[in-house]
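Structure, as structure tokens:
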Amino acid sequence: MKFIEVTDYDRDVKYLVSVDKITTVACDKKGTVFIETGTDLDGESSGLFVAESFDEIKNQINSEN
């Protein structure tokens, strides 16, 4: 199982997130990145906002390690 390391956007907390659990990586016009790990029964997204850029997340996901 592959994990990526990310930092919570609001706090200086690091997480290892399973790539298998990521459903979407979204980036808005301001560059804020949200990693979606699922939705609830009402269709609301669950996941976390991260300090890393979209390209950093993409590179981690696509890396061999």
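The values are calculated or read from the model by the stated rules, or taken from the named source; none is laboratory data. From a predicted model like this one, the values you see are computed outputs, not experimental measurements. Here the Cβ positions follow ideal geometry from the backbone for every residue, glycine too, while neighbour counts run over all protein chains shown.
In segment 3-20, what count of residues is obtained for those that are closer than 15 Å to Asn62 by Cα and either surrounded by 13 or more Cβ atoms within 10 Å (Cβ to Cβ) or at pLDDT below 95 (or both)?
Qualifying residue count for the region: 4.
For segment 25-60, the candidate set comprises residues that are under 14 Å from Lys2 (Cβ atoms) and in contact (Cβ under 8 Å) with a residue 40 or more places away in the chain; within that set, the residue that is nearest to the chain's Cα centre (by Cα) is Ile57.
Pairs linking a residue in segment 2-24 that is in contact (Cβ under 8 Å) with a residue 60 or more places away in the chain to a residue that is surrounded by 13 or more Cβ atoms within 10 Å (Cβ to Cβ) and not aromatic (Phe, Trp, Tyr), with Cβ atoms under 6 Å and 6 or more positions apart or on different chains, do not occur.
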